Amino acid sequence: MKPMLNIALPKGRLGEKVYAMFEKAGFDCPAIRETNRKLIFENAENGVRYFWVKPSDVAIYVEHGVADIGVAGKDILLEYEPDVYELMDLDIGKCRMAVAAKEDFYDDPEHTLRVATKFSNIARNYYRSQGRDIDIIHLNGSIEIAPILGLSDVIVDIVETGTTLRENKLAVVETIVPISARLIANKSGFRFKNEPITKLMEQMSKLLEEEK
Amino acid sequence: MNIQDTIFKNDEKISYLLRSLYARYGYSHFKMSQFEEYDLYVRNKDFLISDSIITFTDTNGKLMALKPDVTFSILKNSKYAPGSVQRYYYNENVYRVSKDTQAFKEIMQTGLECIGDIDRYSIFEVLTLAAKSLQTISDSCVLTVSYLDFIYEIMDSISLSTDEKNAMLKCMGEKNLHELSKLCAESGVDAARADALCQLASCYGKPETVLPRLKKLLTGLVKEETLASFKNLMEILMSARWSEILRIDFSVVSDMKYYNGIVFKGFVEGVPVSVLSGGQYDRLMEKMGHKSRAIGFAVYLDSLRRQNMPKNYDADVALLYNEGVSADGLHRAAEALREEGLTVQLQRTLPPKAKYGKILQFQDGEVTAVEADA
């Protein structure tokens, strides 16, 4: 029997899009299309096993070797800095990590900047590179509300279309880094399952080329 | 009865086997004290895997550290003698911050250092011991070897800042070609060099497939003698009996301030992180004012713990007895079971939460089985 290639996919629309790409690349697992609440799907004949996991947990599954490969957003990779290979930019799930503030915000350099964010590590690293003194306020959701209520001066968050910001009278001050989905691999798994991983990468590159 | 199989955990067994392997190659056991002066580590903190160190003030007022590393202690005591090489192995507990828990952990580490007039043979010997160490741990293993001098020569031929070089090395270590090409473009690296760096980062395979590609890729970008020296070393390694597990992988990178030449990492199937890591660190020796060159590696025994078979119960057998039975008879019945290789615990009543393979009762000189739920 073929050794199984374990793949962690992010639950949700992005994961479904990624699975469609993997399917086209020859790594199909028809059971995944069935409507049920199962989280693990296997196609022994094709040597693949897929798991649906929370998007922010994909990198953890891959780093710990439970999944050999997975797809995670660049935001998660920058925030948690997992020790994994970042093999490909899949060019989907595109957005940007940005600093946003109230439309009339003035950045007073003499004042310690209060930054509300879910991405503390990214915010800390960004402002350290700017030599700026900041206080981080770690929030778990509804980040946009923080500057409106005076909890923070700015926020560091993912911006897709900018609609939520506009509706809350906020504006992007600066883009920190563009974000997209990345194919990641466990460093040990990459060595012991090199053949299927290399095959998947080749097929995916072809697909990405065709879509350009 | 095989004592090792029943009593020793996998990582303990491996630790003994590795010590005997290194001793056979003439490496002497380096035993160090629990503490070192903090000063020893402070100047080269980046060389350490984690830069957090547990410190305390000794009775004489000196700032001491619980050792986070063994290499520095070995280097401190090494003396240069032209033409000779000092060989040490160690098996020590070190204290580091674990990446998973962000808390200090005591970690058992085994490894070896080869210090002095290092020649091709010494490098071959150290790589052979690294390969044999991996084979001691598992039949399914891989030793991946990289050559930093290629990367250094390409980067040094272009004017790049240290930050730019480190960012590129990080991308190489992640096999992150999309960001690496972006960085090269932003730093004004010419197409040939950018392509060489990207191809080196993506390259992974057996030496016989990778070596021919390298010549084509690197000619004109690195010195001919650098290319020849790597090829020569690889040819020696390919003739070794263990060459089946050898792979070339230039994503194995290390800190530019300390390492040079050959660097390597070892992996075994089923363990998600590298279990062995090492390389040549002549740059560290130079920084520390030593004339000698050096190469060594460490085996991270803590990463092997997950391969230990978990115990399913407290003992194979619980032998129950009532007060007043013949002590001699009970002892003999228990000994007979132990001679069969079973672990036996004597109890009058079963302790709460305890688990046993089977429960037996000793009564009237006889041993009888008891129903598990009785």
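Ranked by how many other Cβ atoms sit within 10 Å of their own Cβ, fewest first, the residues B:TRP242, A:TRP52 fall in the order B:TRP242, A:TRP52.
With a cut-off of 14 Å between beta carbons, the residues surrounding B:ALA185 carry a summed charge of -3, where Lys and Arg count +1 and Asp and Glu -1.
For region B:315-369, the antiparallel share of DSSP beta bridges with both residues in that region comes to about 30%. Equivalent-ellipsoid semi-axes for region B:263-315 (Cα gyration tensor, √(5λ), whole Å, largest first): 36, 12, 6. Applied to region A:65-73, the Karplus parametrisation 6.51 cos²θ - 1.76 cosθ + 1.60 on θ = phi - 60° returns per-residue 3J(HN,Hα) values of x, 6, 10, 7, 9, x, 10, 9, x Hz, with x for Gly and Pro. Remark on chain A: Rg and Dmax equal 19.6, 65 Å (Cα only). Neighbour counting of Cβ atoms within 10 Å sorts the residues B:PHE56, B:PHE267, fewest neighbours leading, into B:PHE56, B:PHE267. Taking the average, over residues, of other Cβ atoms within 10 Å as the packing measure, peptides A:21-34, B:342-355, B:248-261, B:187-200 rank B:248-261, B:187-200, A:21-34, B:342-355 from highest down.
Quick check: convex hull over the Cα atoms of chain B, volume per residue in Å³, rounded to an integer? Spelled out: Cα convex hull of chain B, divided by residues, is 209 Å³. The per residue volume of the convex hull around the alpha-carbon atoms of the protein assembly as shown is 252 Å³. Separation of region A:42-64 and region B:331-358, taken as the distance between their Cα centroids, equals 43 angstrom. Highest GNM mean-square fluctuation among B:SER326, B:SER98, B:SER181, for chain B modelled with Cα contacts below 10 Å: B:SER326. Taking amide hydrogens as placed 1.01 Å from N in the peptide plane, the amide H of B:VAL275 sits under 5 Å from those of B:GLY266, B:PHE267, B:VAL268, each at least 5 positions away in sequence or on another chain. Counting Cβ atoms of other protein chains within 10 Å of each Cβ in B:331-344 and taking the mean gives 0. Neighbours of B:GLU125, meaning other residues whose beta-carbon lies under 12 angstrom from its beta-carbon, give a summed charge of +3 when Lys and Arg score +1 and Asp and Glu score -1.
The mean number of Cβ atoms from other chains found within 10 Å of a Cβ in peptide B:267-275 is 5, as a whole number. Once backbone amide H atoms are built at 1.01 Å from N, A:CYS29 has no partners under 5 Å, excluding neighbours fewer than 5 places away on the same chain.
Computed from backbone phi, the HN-Hα couplings of region A:90-103 come to 7, 6, 10, x, 6, 7, 9, 8, 9, 9, 10, 8, 4, 4 Hz, rounded to whole numbers (Karplus: 6.51 cos²θ - 1.76 cosθ + 1.60, θ = phi - 60°; Gly and Pro given as x). With the Kirkwood sum run over all distinct C-alpha pairs, region B:240-354 has a hydrodynamic radius of 19.7 Å. Each principal axis of the Cα atoms in region B:142-246 has its own extent, and those three values, largest first, are 45, 27, 21 angstrom. A cut-off under 14 angstrom between Cβ atoms defines the neighbours of B:LEU227, and their net charge, with Lys, Arg +1 and Asp, Glu -1, is 0. Would you grab the residues whose amide H sits under 5 Å from the one on B:GLY205? Only those 5+ places off in sequence or on another chain, please, with H modelled 1.01 Å from N. Result for B:GLY205 returns B:ILE248. A Gaussian network model of chain B, with springs between Cα atoms under 10 Å, assigns the largest mean-square fluctuation among B:LYS216, B:LYS291, B:LYS358 to B:LYS358. Remark: mean inter-chain Cβ contacts per residue of A:182-195 equal 5, using a 10 Å Cβ-Cβ cutoff to other protein chain atoms. Between region B:208-258 and region A:140-176, what is the C-alpha centre distance in whole Å? What the calculation gives is 50 Å, centre to centre. Entry note: region B:315-369 has Rg to Rh equal to 0.93, where both radii use alpha-carbon atoms and Rh is the Kirkwood radius.
What percent do you get for the relative contact order of region B:142-246 when only Cα pairs under 8 Å and 6+ apart count? It rounds to 35 percent for region B:142-246.
Residues in region B:146-156 carry Karplus couplings, in order, of 10, 10, 5, 4, 4, 5, 4, 5, 5, 5, 6 Hz; the curve used is 6.51 cos²θ - 1.76 cosθ + 1.60 with θ = phi - 60°, and Gly or Pro positions show x.
Readers should treat all values here as calculations from the given coordinates under stated rules, not as data from a laboratory. Bear in mind that the values here come from a model prediction, so they are computed numbers and not experimental data. Every residue, glycine among them, receives a Cβ derived from its backbone with ideal geometry; neighbour counts consider all protein chains shown.
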